[in-house]
Amino acid sequence: MNLELADFAVREGLNLGAGYVEARMESETGKGFLLKNGIPEVAGINFEEGLSVRFLKGKAMGFISTNELSKDAVSRLLRQGISRLHAANGINADVSFSVEKASTADYTVKQKTDIMDVSDGEKFNHLIQLYRNIKKAEPSLLTAHFSFSNRIREKLFVSSEGARIHAELPELSFFYLISVGRGSNTMQHMWQYGGSGGFELFHGWELEKKLASRVKALAKVLEEGKPLKPGSYDVVCGPEVTGLMSHESVGHPYEADRILGREAAQAGESFITPEMRGTRIGSEHVTVIDDPTMPGSYGFYLYDEEGVKAGPRTLIDRGIIGEFLHNRESAAQLGTRSNAAARASDYGKEPIIRMANTYVKPGSFSDDELFESIKQGVYVKSFMEWNIDDKRFNQKYVGAESYLIENGKITSPVRNPVLELTTPALWKSVDAVGKKPEFHAATCGKGEPMQGIPVFHGGPNIRLRNIRMK
Amino acid sequence: MLSAKSLVRIAEGLGADEVVAQLVTENSELLKFVDNKIVNSQGQRLKQANVVMAKDKRLIAVNLKELEEDKAKDVLAGVLKNVSAYPVNEEFGGFARGPFSYREVKDIYDPGVADFGNSGVELLREALKAGRNVKRLSGVLTSATEIAEVASSHDVDAEQKSTSLYFSARAFAEKNASGHGISASRMLYGFSPAKASEYASGIALKALNPVQGEAGRYDVVFEPLPWSNLLSHVGDSSSIYSVETGTSFLAGKEGQQVASREFSLTDDARAPNGIGSAVFDEEGRPSQTTPIIEKGVMKNFLHNTSTAARHNTKSTANAGIISPEPFNLVVKTGTYKNQEIFQGITRGIWVTNVWYTRFQHYAKGDFSTIPRDGMFLIEDGKVSRPIHGLRISDNLPRMLKNVARLGNQPVQIRGWEVWLPVTTPPCLVKDVNFSKSEQ
């Protein structure tokens, strides 16, 4: 990677009159494998390298990016960028950044088995074997779309304040979309696995066991499941559902750029206001954390894309609204410090406020304890359809693998039970939190242009009392 | 200088059986504005080279970062060296065989956009002025110029230049009263940020003081923006790849009535000023116009060369090397003028935008989506009052069969959730189910 060009970009930005300049240089080697119903469609190999520069001229912000890695190209783009700011005199916003320590660091995510040491043929064949074994064990699998990808990103951040962060981040992910059939009845499900590390993660996911179990469970729902009689139920949400809820209705509305309206145009705003900090949003059982530094996680990083050192953020503390997710811009606006939430999907996108690994903190309840007091309830173990409004207030989750709970026991499957409720109603109804968390990978979308970034969401089984379901 | 043709020559020289190479150079600008001020002004220059090679029925796509001939050769040689360990794709049916003669597509390149300078800033100033009746406007204005080359081992060597302009703004009269306007064009003549801004502001002002809507069934007038969001999924379903992966609700319906007779949908890769219009597809096959649904009857799935071979049909020139994709979805315009479309509706809702469309079952079309920005009750054939807090929870094939009226004013839409460009007028769909949070 041409590290010197990043330093040049910062110097050149300052020479052109910018008061603050930061450069991000990234190089990526990535591979992807696509399998459709057992047929190896294509292998994709991606080599990419590029640079972006973000700068403040006066109080106006500019950003340029290119994969034409020459001093001439960078200089030309910077001049054009500054000319654009001048042309917009009078309609440029006043942007300022919170004061943060200019860190210097170099870190690497260790791999037990280097992902580039495993041949492409072997990776492809793992997918084929996975499909064949599941299909053999569970003939109700009708269609299966698998994709596996891995990449190693080398990243450098330098700023005119003296920050210099170098990182090497290997990452893997697996995605499936399956159709399961029993007679003329069918269901579909999709899910993602991911993490930061080496190829050992792939084996750790136990895909064959988990996918076969999922196909079997969905087939049972098709065979025996009945629609839920609408009414009031106690609900236990499995870790997959809990995690998604924490992401959608806690992580997103606590992003300070939404709260301040910076993403109003597309990703939306938030029902949370700055004045709501310290007020109750959930029961005392609910604590929600976002932690970029979780080892092996899909949303892992130690320094964000503004060079700020990362750590865990407590979004809800025992039901009380805690901290928001901040970058330097939002922190300056709200008179606080950044908590290192600035992320970008690649060098060509501006860093904006994002989650990393968001989860409901485990409680003290065993699974037996969670279920035993429920007379009439529903266990929503997994979901397919979901959505939430753009202020993150009204949400819907439709169960995939779901069961009735009767007199403390999980009994028969139910088909597509629907939870449709508001965020405060959801988190205030939680009266017990399990002690066994799971963490699941997802790709979170935000920004315009759209940026998809890797995240974890997770948590344990949680129990919600007296929820109207249909 | 490396060209698509030279990449093909290198790959052939290294032993690839079939090769398609693309070389794309793009210059773009983006102005992001929030509360009537530009918060970030962006410029980007990218050059991308992509080589897809087939060797003994194994398919590999390589994106190159270094575009010098020697370095490209080293990388491709390294890739091909390992290819024999890949499993065989028995279904691969080859790439398009040229030579082809290409016809120009009208109005996809505007020299005025290519030489845009800081004109975007001036257009944005006009847009902000047009939205001065509301408290705040937020959105983006982008411009881009692209030169795309395609070449293949089967006598394909072509190039096209194109430009594009996009403006998207949400206007807020209050926190809970907003509207969304879009202008998308390849040419300056079809680009009007000020008009989009005025439209968004008009919706926002109408949407002041909304009340909670009631769940139930309503006749719905969709503006082009939300209707496009749903039609993108119809476009997805029209790709034969979606059929193969079990995600198309149109699968097995060729020749059958899948929508009301009012509804016709075409993929028009040659639409003048179409945001997705192109001279050729990703294999270099000359682009064409393909009817998908005609008077409600499913006519054609979209194919590339390989999918056409395995389904015993002809390519519709919709490569995507792996998955065929639409270029521009175009809905046949109806006869209803703006206000006429509301006439006679006794219990209806006017939906001006939706977001977060998600499916419970792609092949059945069960889904939900959330109206956002202005949403209004329709009573006695007229828009009566703003409402909020509802979700459309329905089935897309059923909704297509309930299309009752189409307006006579088409609008070209692309957007955050409308990843396939869609040109459509407003549309009336009967008997749509709405749900709401139960607590």
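Might you let me know whether the stretch B:380-399 holds any residue that is in contact with an Asp or Glu (Cβ under 7 Å, 6 or more places away or on another chain) and under 28 Å from B:T266 (Cβ atoms)?
There is at least one residue in the stretch B:380-399 that is in contact with an Asp or Glu (Cβ under 7 Å, 6 or more places away or on another chain) and under 28 Å from B:T266 (Cβ atoms).
Can you tell me how many residues within the stretch A:354-398 are under 24 Å from A:Y193 (Cα atoms) and free of Cβ contacts under 8 Å to residues at least 60 places away in the same chain?
Count: 4.
Being surrounded by fewer than 22 Cβ atoms within 10 Å (Cβ to Cβ) and either hydrophobic (A, V, I, L, M, F, W, C) or in contact with an Asp or Glu (Cβ under 9 Å, 6 or more places away or on another chain) (or both) is the filter here; which residues of the stretch A:43-62 pass it?
Of everything in the stretch A:43-62, those that are surrounded by fewer than 22 Cβ atoms within 10 Å (Cβ to Cβ) and either hydrophobic (A, V, I, L, M, F, W, C) or in contact with an Asp or Glu (Cβ under 9 Å, 6 or more places away or on another chain) (or both) turn out to be A:I45, A:N46, A:F47, A:E48, A:E49, A:G50, A:L56, A:G58, A:K59.
Going by what's in this entry, would B:L128 be described as under 21 Å from B:Q42 (Cα atoms), crowded, with 22+ Cβ neighbours inside 10 Å, within 14 Å of chain A (Cβ to nearest Cβ) and touching a strand residue (DSSP E or B) at 6+ places or on another chain (Cβ under 9 Å)?
no
Condition check ((1) assigned to a strand (DSSP E or B); (2) touching a Gly at 6+ places or on another chain (Cβ under 6 Å)) across all residues:
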position: A:I289; (1), (2): yes, no
position: A:G299; (1), (2): no, no
position: A:E306; (1), (2): no, no
position: A:T314; (1), (2): yes, yes
position: A:A331; (1), (2): no, no
position: A:R337; (1), (2): no, no
position: A:Y359; (1), (2): yes, yes
position: A:D368; (1), (2): no, no
position: A:M384; (1), (2): yes, no
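Can you tell which of A:E350, A:E329, A:E369, A:E401 is within 14 Å of another protein chain (Cβ to nearest Cβ) and either touching a Leu at 6+ places or on another chain (Cβ under 6 Å) or farther than 29 Å from A:A265 by Cβ (or both)?
It is A:E401.
Inspect the stretch B:103-119 for any residue being touching a residue at least 60 places away in the same chain (Cβ under 8 Å), farther than 30 Å from B:A54 by Cα, within 11 Å of chain A (Cβ to nearest Cβ) and crowded, with 22+ Cβ neighbours inside 10 Å and give the result as yes or no.
no
Among A:L56, A:L77, A:L85, which is the only one that is in a strand (DSSP E or B), hydrophobic (A, V, I, L, M, F, W, C) and within 11 Å of chain B (Cβ to nearest Cβ)?
One residue alone meets the criteria, A:L56.
Can you name every residue in the stretch B:136-195 that is buried (at least 19 other Cβ atoms within 10 Å of the Cβ) and among the aromatic types (F, W, Y)?
B:Y166, B:F167, B:F172, B:F191
State all residues of the stretch B:72-102 that are under 25 Å from A:E68 (Cα atoms) and in contact with a strand residue (DSSP E or B) (Cβ under 8 Å, 6 or more places away or on another chain); if no residue qualifies, say none.
Within the stretch B:72-102, B:A72, B:V75, B:L76, B:V79 qualify.
Answer yes or no as to whether A:H247 is closer than 28 Å to A:I405 by Cβ, modelled with pLDDT of 95 or more and either part of a loop (DSSP other than H, G, I, E, B) or not assigned by TED's automatic domain parsing to the domain that holds A:G447 (or both).
Spelling it out, it is not the case that A:H247 is closer than 28 Å to A:I405 by Cβ, modelled with pLDDT of 95 or more and either part of a loop (DSSP other than H, G, I, E, B) or not assigned by TED's automatic domain parsing to the domain that holds A:G447 (or both).
Consider the stretch A:38-49. How many of its residues are small (G, A, S) and at the interface with chain B (Cβ under 8 Å from one of its Cβ atoms)?
Total meeting the criteria: 2.
Say we look at the stretch A:300-318 and pick out the residues that are touching a residue at least 60 places away in the same chain (Cβ under 8 Å) and within 14 Å of A:Y254 (Cβ to Cβ); which of these is surrounded by the most Cβ atoms within 10 Å (Cβ to Cβ)?
Of everything passing the filter in the stretch A:300-318, A:L315 is surrounded by the most Cβ atoms within 10 Å (Cβ to Cβ).
Scan the stretch B:306-329 for residues that are assigned to a helix (DSSP H, G or I) and surrounded by 24 or more Cβ atoms within 10 Å (Cβ to Cβ) and jot them down.
B:S306, B:T307
Conditions (1) at pLDDT 95 or above; (2) of a type in the set (G, A, S); (3) outside any strand (DSSP E or B), marked per residue:
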position	(1), (2), (3)
B:E198	yes, no, yes
B:N209	yes, no, yes
B:S228	yes, yes, yes
B:G235	yes, yes, yes
B:A251	yes, yes, yes
B:D267	yes, no, no
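Of the conditions (1) within 14 Å of chain A (Cβ to nearest Cβ); (2) over 17 Å from A:A93 (Cα atoms); (3) assigned to a strand (DSSP E or B), B:V140 clears all except one; give me its number.
If we test B:V140 against (1) within 14 Å of chain A (Cβ to nearest Cβ); (2) over 17 Å from A:A93 (Cα atoms); (3) assigned to a strand (DSSP E or B), just (2) comes out false.
Determine the pairs where a residue that is under 14 Å from B:I413 (Cβ atoms) and touching a residue at least 24 places away in the same chain (Cβ under 8 Å), located within the stretch B:264-288, has a partner that is hydroxyl-bearing (S, T, Y) and not in a strand (DSSP E or B) with Cβ atoms under 7 Å apart, the partner being 6 or more residues away or on another chain.
Within 7 Å, the pairs are B:A271/B:S277.
Can you confirm whether the stretch A:163-185 contains a residue that is assigned to a loop (DSSP other than H, G, I, E, B), in the same structural domain as A:G13 (by TED's automatic domain parsing), modelled with pLDDT under 95 and hydroxyl-bearing (S, T, Y)?
yes
Can you name every residue in the stretch A:88-104 that is more than 7 Å from chain B (Cβ to nearest Cβ) and either within 27 Å of B:L46 (Cα to Cα) or more than 29 Å from the chain's Cα centre (by Cα) (or both)?
A:N89, A:G90, A:D94
The values are calculated or read from the model by the stated rules, or taken from the named source; none is laboratory data. Please read these numbers as outputs of a predicted model, since none were measured by experiment. Quick reminder, even Gly has a Cβ in these numbers, built from the backbone with ideal geometry, and neighbours come from all protein chains shown.
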